[in-house]
Amino acid sequence: MRTFLTVVALFALVTPIWAAPKSVTLSVPSMNCPVCPITVKKALTNVPGVSQAEVSFEKRQTTVTFDDTKTSVEALTRATKDAGYPSTLVENAK
């Protein structure tokens, strides 16, 4: 019984208990045609942990919702860059 409790305790320490969904906005200034958002959205939704990507051609931005225990902003920007559309994080104005 003690071994079981030890294993459960260790598992709880290394496994995130709360998967926190997070949303970020990325600036993608190199989108220059109405078809570009399709490529950007596909690149982002292929990143493990991404649940949604909304791309605005008019604003040259995308809003991405993802599980921050499975991916990061760096992985998102790498995905858009690898697809030919470098992006940067849009900081929230406070």
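Below are the figures for this structure:
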read-out	value
Residues satisfying the stated conditions in the stretch 50-72, i.e. in contact with a helix residue (DSSP H, G or I) (Cβ under 8 Å, 6 or more places away or on another chain), touching a residue at least 24 places away in the same chain (Cβ under 8 Å) and either among the small types (Gly, Ala, Ser) or assigned to a strand (DSSP E or B) (or both)	VAL50, VAL55, THR62, VAL64, PHE66
Subset of the stretch 50-72 (residues that are within 26 Å of PRO34 (Cβ to Cβ) and among the β-branched types (Val, Ile, Thr))	VAL50, VAL55, THR62, THR63, VAL64, THR65
Residue match in the stretch 11-19 (condition: modelled with pLDDT of 95 or more, hydrophobic (A, V, I, L, M, F, W, C) and loosely packed, with under 14 Cβ neighbours inside 10 Å)	no
Some residue of the stretch 52-61 being modelled with pLDDT of 95 or more and in contact with a Phe, Trp or Tyr (Cβ under 6 Å, 6 or more places away or on another chain)	no
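The values are calculated or read from the model by the stated rules, or taken from the named source; none is laboratory data. Computed from a predicted model, the values in this text were never measured in an experiment. Note: ideal-geometry Cβ built from the backbone for every residue, glycine included; neighbour counts use all protein chains shown.
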